[in-house]
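Each reported figure results from applying straightforward, stated rules to the coordinates on display, with no laboratory input. Small disclaimer: the values here were computed from a predicted structure and weren't measured. Every residue, glycine among them, receives a Cβ derived from its backbone with ideal geometry; neighbour counts consider all protein chains shown.
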Amino acid sequence: MYVDVLRIFSSDRGSTPRTSTLSPHHTGEGSLLSHRLRAFMTPTILVVDDEKDILELLTYNLEKEGYRVLTARNGKEALKLARQNPELVVLDIMMPELDGWEVCKAIRKDPSTSKIPIIILTARDSEVDEVVGLELGADDYITKPVKVRTFLARVKRALKPRDVDLDQAASDVLTVGELAIHVNNYMVKIRGKEFHLPKKEFELLLFLVRHPERVIKRETLLNEIWGHDVYVVDRTIDVHIRKIREKLGDHAAHIETVKGVGYRFKKEL
């Protein structure tokens with residue numbers, strides 16, 4: 001059974017949460033070699049929150065699902081652990097040392113960590129905060145109190161590799177004019193200058209490029225990129241598109257807004 005968090009009502013400002021009883025952490029068994037092999041093959045998730053009860057709750061449930069978990073209780077410690085290149089970062093906002101906004105910006109700025117998916121997990125539930133998080137490069141935004149099953153579904157979605165459409169991408173590079181998209185390493189080149197996009201931004205651009213000259217509804221983009229089992233507001237798409245356009249610079253006009261419907265990728269500028 002999952003340990004759920006329906007009774008946890010916590011804020012990012014250090015209020016004392018009411019917690020359900022947690023089972024002891026799962027301990028590894030077997031030889032040192034098999035333990036190391038499992039650690040090598042198991043996705044690692046960095047969970048950052050200044051509240052011990054939240055860390056224990058999420059760690060317990062993630063480990064039950066087979067993930068390896070690193071934990072941090074402040075922003076500076078989080079950045080240090082992020083250099084171990086976990087497959088996912090779950091990030092609180094209001095923390096000592098550095099807050100979640102600063103940590104998110106730093107992870108995205110560092111080339112060695114810029115591609116790590118980030119889920120923001122916070123008690124701040126306003127649309128403004130969600131938009132800020134997405135603009136800073138977060139891939140998903142979840143508000144507390146957390147429903148553990150929903151949280152685990154979002155984690156699985158964030159870790160799930162996108163399927164490659166072999167009919168439309170025989171190689172790992174898609175080229176449109178001066179724009180080259182390197183599918184396997186989440187990199188974009190314009191006139192030979194390369195830059196990396198956060199996972200969701202890259203997947204969104206890639207989907208549009210693979211369906212050129214077609215108007216793609218926001219609902220379709222949400223389902224294809226975030227999945228049918230994840231609730232994300234339409235505004236999320238708009239924020240990601242704006243960030244992509246900023247990075248494309250002179251080539252931003254490739255992505256056309258179709259008012260009230262969605263977006264179209266144009267081959268010609």
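Taking other C-beta atoms within 10 angstrom as a stand-in for reagent exposure, Phe195, Phe265, Phe151 fall in the order Phe195, Phe265, Phe151, fewest first.
Restricting the range 179-211 to trypsin sites (Lys or Arg not before Pro) that sit in a DSSP loop and have at most 14 other Cβ atoms within 10 Å of their own Cβ leaves Arg191. May I ask you to derive the FRET efficiency for Leu159 and Glu268 from their Cβ-Cβ distance with R0 = 51 Å, giving the value to the nearest 0.05? Using R0 = 51 Å, I get an efficiency of 0.90.
Stretching Arg149 away from Asp110 to a fully extended chain increases their span by 10.9 nm, per 0.36 nm per residue minus the current alpha-carbon distance.
Relative contact order, percent, of the range 92-221 when contacts are C-alpha pairs under 8 Å separated by at least 6 residues?
RCO, the range 92-221: 19 percent.
Counting 0.36 nm for each residue step from Arg235 to Lys80 and taking away their Cα separation leaves a gain of 52.6 nm.
Can you classify the range 54-125 as rounded, prolate or oblate using the Cα gyration tensor, where a ≥ b ≥ c are the square roots of its eigenvalues, rounded means a/c under 1.5, and otherwise it's prolate if a/b beats b/c and oblate if not? Mind showing how you got there, number by number?
Numbers: a/c = 1.76, a/b = 1.20, b/c = 1.46.
The shape class here is oblate.
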